[in-house]
Amino acid sequence: MGLFDTLAKNALGSMLGGSSKQDPAAMLSGLLSEAGGIEGLMGQFQSAGFGSQFASWVSTGENQPLSEDQMHSAIGAEALQGLASKLGMNTGTVLPLLAQFLPQVIDKLTPQGQIADNHPSSGQLQSVLTSVISSSLGGLFGGRK
């Protein structure tokens, strides 16, 4: 349950104004900015050989998963370490969270099956993260999935 405890503590803590080094919405915003927005991040995944998986997250169909190793290859060691540092976590904790939640976040940021807003606002990111995490936590407790 360590991963769940970490996820719940950090996700719920940030939603409730808790004290991680940087909230996940700001971290995600930074990741997108460094990549050149959603389109830039898509380019990173394409370059790493995972373009079809990323495209599935944007499309209106089912999201194709990526393993932690694949996510690591697509994001890159330096960016992953930067994310972990900003969140006050280690990369071994951040990587499975990215593998689990990034497909859902990209999916919710592109509800029409296309990238309409390459650089979503912090408010949009916070709203999407709250929705994704709430529905994931709800699924763990028998709620909607």
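Let me confirm something: among E34, E62, which residue is charged (D, E, K, R), under 17 Å from K108 (Cβ atoms) and at pLDDT 85 or above? On inspection, the qualifying residue turns out to be E62. So is E78 among the acidic types (D, E) and under 17 Å from L95 (Cβ atoms) or not? Judged against the criteria, E78 is a match. E78 passes every criterion in (1) farther than 16 Å from G43 by Cβ; (2) buried (at least 17 other Cβ atoms within 10 Å of the Cβ) apart from (2).
The values are calculated or read from the model by the stated rules, or taken from the named source; none is laboratory data. Because the structure is predicted, anything quoted here is derived from the model rather than measured. Virtual Cβ from ideal backbone geometry, glycine too; neighbours counted across all protein chains shown.
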